[in-house]
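Structure first, then comments.
The values are calculated or read from the model by the stated rules, or taken from the named source; none is laboratory data. If you're wondering where the values come from, they're calculated on a predicted model, not measured in any experiment. Positions of Cβ are backbone-derived with ideal geometry, glycine not excepted, and every protein chain shown enters the neighbour counts. To get the accessible areas, we keep the full protein, side chains included, count just its heavy atoms, and leave off ligands, DNA and RNA. Shrake-Rupley method; radii C 1.70, N 1.55, O 1.52, S 1.80 Å.
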Amino acid sequence: MKFNYLKTKLENLITSSNSKINSDELNDYSHLKTKLENLITSSNSKINSDELNDYSLKVYEYVKKNHNKLIKNIKLHKSDFGKNHICIELITKNENSASNLIFSSEDNQLTLGFDCFHSHYDSFSEQNLEDEIKVALENFYKILNEELFVVSAGGGASTLLTKEEINIIESGKILERFNYDCITYYVTSWSGTHDRIFKNPN
């Protein structure tokens, strides 16, 4: 299913660009992901701020000022709050992951997602937007740098944990902020190198 999605998306991008690819390459999953990454990057042009709604414009200006390298990965999507919101999607090479790494301003709130995990930031008006963007993007990069990992309890509730926190659970000790009565824990990493499944010792 993931392969077919990439294949269709790639074919659509090729149609609207000058890129060429042969039929054999279209059946090579690894090549598809690399080609799609390159096409997405090259197809991004400068963002017209007039196309963004007020909330997304604030997010965009923060990213532009503090994380300029991410600008090339921004895509615009129609927003229910008028105009467009921004979405940054980085394609993971981990075939075990249920989704890519995503940061967006959809629904006038910040959303960070990877695999089966997603979290909303700035969901309440009293929160400081810049502080929330900072935290969300810190976690974004920690996933990329494999300092944080998605941990799912029995395939249900999920969160981001460090290696040290995962070791606490695996040793049988209680981690208060992620304490579930499940049999199995699933760990997903950005590269797939640190993916594993372990049983709840208790």
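Rolling a 1.4 Å probe across all protein chains gives THR159 an accessible area of roughly 20 Å². The residues ASP80, ASP131, ASP115, sorted by heavy-atom accessible surface at 1.4 Å with ligands and nucleic acids left out, run ASP80, ASP131, ASP115 from largest to smallest.
Cβ-Cβ distance of ASN202 and ASN145, R₀ of 22 Å, FRET efficiency by 1/(1 + (r/R0)^6): the value works out to about 0.10. With the convex hull drawn over the C-alpha atoms of the stretch 93-202, the volume per residue is 107 Å³.
The residues of the stretch 73-194 expose on average 51 square angstrom of accessible surface per residue, using a 1.4 Å probe on protein heavy atoms. With a Förster radius of 35 Å applied to the C-beta separation of LYS75 and THR162, the computed FRET efficiency comes to 0.70. Cα centroid separation, the stretch 49-69 to the stretch 167-193: 35 Å.
Can you give the FRET efficiency to the nearest 0.05 for ILE174 and ASP131, using r as the Cβ-Cβ distance and R₀ = 30 Å? For ILE174 and ASP131, the calculated efficiency is 0.50. Qualifying GluC sites (Glu not before Pro) in the stretch 103-155, where qualification requires a DSSP coil assignment and no more than 16 other C-beta atoms within 10 Å, comprise GLU126, GLU146, GLU147.
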